[in-house]
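**Q** I'd like to ask you about the structure that follows.
The values are calculated or read from the model by the stated rules, or taken from the named source; none is laboratory data. Computed from a predicted structure; not experimentally measured. With ideal geometry, Cβ positions are generated from the backbone for all residues, glycine too; neighbour counts draw on all protein chains shown.
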Amino acid sequence: MPEITLVEAVNLALARAMAEDPEVLVLGEDVGTEGGVFRATEGLQKRFGDERVIDTPLAEGAIAGISVGLAAQGFRPVAEIQFTGFIYPVIDQLANHAARLRTRTRGRLSCPLVVRSPYGGGIRAIEHHSESPEAMFAHIPGLRVVIPSSPARAYGLLLAAIRDPDPVVFFEPTRLYRAVRERVEDDGEALPLDRCFILREGSDITLISWGAMTRETLAAADRLAQEGIAAEVVDVATLKPLDSDTLLESVAKTGRVVIVHEAPLSVGVGAEIAARLAERGLVSLLAPIARVTGWDTVMPYPRLERHYLPSETRILDAARRVLAYQ
Amino acid sequence: MSVDTTEAPLAPPEAWRAPLSPTVARFEIRYSRFLDPKGKPVRPLPDFAHDRAELVALYRAMVLARTFDTKAVALQRTGRLGTYASALGQEAVAVGVASAMRPEDVLLPSFREHGAQLWRGVSLVELFLFWGGDERGNDFAKAREDFPVCVPVGTHAPHAVGVALALKLRREPRVAVCIFGDGATSKGDVAEALNMAGVWHLPAVFVVNNNQWAISLPRSRQSAAETLAQKAIAAGFDGEQVDGNDVIAVREAAARALAKARAGGGPHLIEALTYRLSDHTTADDAGRYRSSAEVSAHWSEDPIARLRHYLVDNGMWSKADEERLLADSADSVEAAARHYLATPPPPPEAMFDFTYAALPKDLAEQRRAALDIVEQ
């Protein structure tokens, strides 16, 4: 069982899904001959042919739109949007069509498609290549928004997303693509959607995060542990629909919460989580909820990137304030 | 912006052209019509039009579509139907296209193609339910693979490409047929869709239901292109114009395009020139942007009267036939309207139950909350 990177885990899951289900197609810009600009689809066209791994013309909206048509016809398209900065035309197709085709036809037609896109900052990329727009998607009824935080979760969650009968947006943290290696068994076992993952158990404070930010969050938990503070780290993983129960159970145990995300503060998914915890977990809370997020600024160019992304220091500062609150 | 595209010169002066350069591409757009507005043939009719039964079927379908249309507007005006997009005067486009399709083909309509939907087997009750604000109207008992009406203009054109790609990948001799309006041709979705259909040589037929008006914007201000059919040329396949008020011309062109697509000949675009005799929708007042004289003048092109003239002139249609058809159509539409009006709204939980294939726990809680409110 080899140790592989997150992007290799994505590739492994795609190959697995294609091998087990002939209706699974991969399409997008440069996904075939090129194997994807991040090599997520490397080797797939050679193995499965150009009718199953389809290089499309350069048109993000239509990539999503043709995926709707393919899905309504019973295929399971997995569309790659090359960078998240180019994904906004896709929102039209997801919000107006993919996410509502089932309900508006009362189940006659449906859209089992996946839109994958590299996501988030921290790789010193040119502008439009580092954004975290997950909240825009999480606001769309009928959609699932899934973000893995490790190679194993990328493998298991992508398999689940492809097998899911409804549309899923799958954001792959670019910063984690090659940052870590992990043993991933290619056993075809999916991980559950709509569920948070407890990355570390603890009873003193709950640190809630997803995607690449789980790394800084886990590092902050390590530091707290050195100080004798047991932090519980929760990877939300599926941002929509939200697994409130796991979050509430953790807060019932710790009473203190820090939410960490890369995306801007205002109207971020952290706000939704904080609201849920306040609505249903207020009696458990021993301190105000803190959020450590990107700022409400345009994602800066790489030279200022480290001042934008939540750091371990910022997470620790927030955790200490929450812990100190009497 | 007061730039009037109609005032622009037809061709740039020679001085603006690249000097001494070879021409690397040429194209032409053909226009076809079989019956003039008075129903007189202007050229020999296609084979199907020699069969009375075929022509009568087209005529009946157009009359039924208009009868539905009239009733829908009446119901809206009396508060018993939602905002409604009338297809008055455009029946030949919808019926002509649908009549050339096979049942196993897939229709992706815009919102002014009731005539096509009815031909495909969508029921009058389903149409009333949809326009009356009930999703069950899209759960067609027949034409199960056809898409529902697309309200966001032109965004269904890429769906047709996806459907056509699916059909091609499965080696099925079926065709995706997508109908959209003149306004839609200005959208990126349509340009992207045509481009992909061309690149992949897909079994897709695109029909521009060009009714000359996109709400208040006339065709002349929608595009500086001489025809909308030529948008296909840029995507690498043929486009043509037909008289969209001549159902024989629409059907003939659609049949050719479908046969070509089915045989692996790739996509085709038909620009059907028609005219919107109604307001954009029941929420619109076209008097704000076009004269009643213009509208009145276009009544002389009425596609239903045109085919009736031909049928009567050739002894294929009697006064009694006409009276019986009008009565039958009215009966069908009235019965469907009664059925629709007597249909109770869906239960409130329905809005939750089809959002996902299986109700997520998070949404289940909201569903319970909604039902609690109903019970109170």
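**Q** Step by step: first the residues of segment B:184-194, then only those that are surrounded by fewer than 21 Cβ atoms within 10 Å (Cβ to Cβ) and in a helix (DSSP H, G or I), then the one that is farthest from the other protein chains (Cβ to nearest Cβ). Which residue is that?
**A** First, pick out the residues of segment B:184-194 that are surrounded by fewer than 21 Cβ atoms within 10 Å (Cβ to Cβ): B:186-188, B:191.
Narrowing further to those that are in a helix (DSSP H, G or I): B:186, B:188, B:191.
On the way: B:SER186: 14, B:GLY188: 6, B:ALA191: 8 Å.
Result: B:SER186.
**Q** Hey, can you tell me all the residues within segment B:194-220 that are in contact with a strand residue (DSSP E or B) (Cβ under 9 Å, 6 or more places away or on another chain) and not hydrophobic (A, V, I, L, M, F, W, C)?
**A** Selection gives B:PRO203, B:ASN209, B:ASN210, B:ASN211, B:GLN212, B:ARG219.
**Q** Considering only segment B:237-279, state which residues are part of a helix (DSSP H, G or I), of a type in the set (Gly, Ala, Ser) and touching a strand residue (DSSP E or B) at 6+ places or on another chain (Cβ under 7 Å).
**A** Those that are part of a helix (DSSP H, G or I), of a type in the set (Gly, Ala, Ser) and touching a strand residue (DSSP E or B) at 6+ places or on another chain (Cβ under 7 Å): B:ALA249, B:ALA253, B:ALA254, B:ALA257, B:ALA261.
**Q** I've got another one for you. For segment B:284-332, which residues satisfy the criterion of being among the aliphatic types (A, V, I, L, M), out of contact with any strand residue (DSSP E or B) (no Cβ under 8 Å at 6 or more places or on another chain), over 16 Å from B:GLY115 (Cβ atoms) and surrounded by 12 or more Cβ atoms within 10 Å (Cβ to Cβ)?
**A** Filtering segment B:284-332 for residues among the aliphatic types (A, V, I, L, M) gives B:286, B:293, B:295, B:297, B:304-305, B:307, B:311-312, B:316, B:320, B:325-327, B:330.
If we keep only those that are out of contact with any strand residue (DSSP E or B) (no Cβ under 8 Å at 6 or more places or on another chain) too, we end up with B:293, B:295, B:297, B:304-305, B:311-312, B:316, B:320, B:325-327, B:330.
Next, from what is left, pick out any that are over 16 Å from B:GLY115 (Cβ atoms): B:293, B:295, B:297, B:311-312, B:316, B:320, B:326-327, B:330.
Listed by number, the residues that qualify are B:VAL295, B:LEU311, B:VAL312, B:MET316, B:LEU326, B:ALA330.
**Q** Among what's in segment A:75-98 and is within 13 Å of chain B (Cβ to nearest Cβ) and under 19 Å from A:ASP50 (Cα atoms), pick the residue that is farthest from the chain's Cα centre (by Cα). Steps first, please.
**A** Let us first name the residues in segment A:75-98 that are within 13 Å of chain B (Cβ to nearest Cβ), namely A:75-77, A:79, A:88-98.
In the following step, the residues that additionally are under 19 Å from A:ASP50 (Cα atoms) were identified as A:75-77, A:79.
Details: A:PHE75: 23, A:ARG76: 20, A:PRO77: 18, A:ALA79: 15 Å.
Per the stated criteria, the residue is A:PHE75.
**Q** Which strands (runs of 3 or more DSSP E) does segment A:5-106 wholly contain that include 2 or more residues that are within 19 Å of B:HIS159 (Cβ to Cβ) and modelled with pLDDT of 95 or more?
**A** On the way: elements: A:24-28, A:53-55, A:76-80.
Because the criterion is at least 2 residues that are within 19 Å of B:HIS159 (Cβ to Cβ) and modelled with pLDDT of 95 or more, the strands (runs of 3 or more DSSP E) in segment A:5-106 that meet it are A:24-28, A:76-80.
**Q** Of the conditions (1) β-branched (Val, Ile, Thr); (2) within 14 Å of chain B (Cβ to nearest Cβ); (3) over 16 Å from the mean Cα position of the chain (by Cα); (4) part of a loop (DSSP other than H, G, I, E, B), A:ILE123 satisfies every one except a single condition; which number is it?
**A** Unmet for A:ILE123, out of (1) β-branched (Val, Ile, Thr); (2) within 14 Å of chain B (Cβ to nearest Cβ); (3) over 16 Å from the mean Cα position of the chain (by Cα); (4) part of a loop (DSSP other than H, G, I, E, B): (2).
**Q** So which residues in segment A:272-310 are out of contact with any strand residue (DSSP E or B) (no Cβ under 9 Å at 6 or more places or on another chain), outside any helix (DSSP H, G or I) and surrounded by 16 or more Cβ atoms within 10 Å (Cβ to Cβ), if there are any at all?
**A** Result: A:PRO300, single match.
**Q** Of the conditions (1) touching an Asp or Glu at 6+ places or on another chain (Cβ under 6 Å); (2) more than 24 Å from B:GLN90 (Cα to Cα), B:VAL208 clears all except one; give me its number.
**A** (2)
**Q** Tell me which residues, restricted to segment A:107-120, are assigned to a loop (DSSP other than H, G, I, E, B) and more than 14 Å from chain B (Cβ to nearest Cβ).
**A** A:GLY120
**Q** Quick one: how many residues across segment A:43-71 are more than 22 Å from the chain's Cα centre (by Cα) and either facing chain B (nearest Cβ under 7 Å) or of a type outside the set (A, V, I, L, M, F, W, C) (or both)?
**A** 16
**Q** Within segment A:69-82, track down each residue that is in contact (Cβ under 8 Å) with a residue 24 or more places away in the chain and farther than 16 Å from A:VAL26 by Cβ. Full working, then the answer.
**A** Residues of segment A:69-82 in contact (Cβ under 8 Å) with a residue 24 or more places away in the chain: A:70-72, A:74-82.
Residues satisfying the conditions are A:ALA72, A:GLY74.
**Q** Say we look at segment B:90-132 and pick out the residues that are over 9 Å from the mean Cα position of the chain (by Cα) and among the charged types (D, E, K, R); which of these is nearest to B:HIS156 (Cα to Cα)?
**A** B:ASP105
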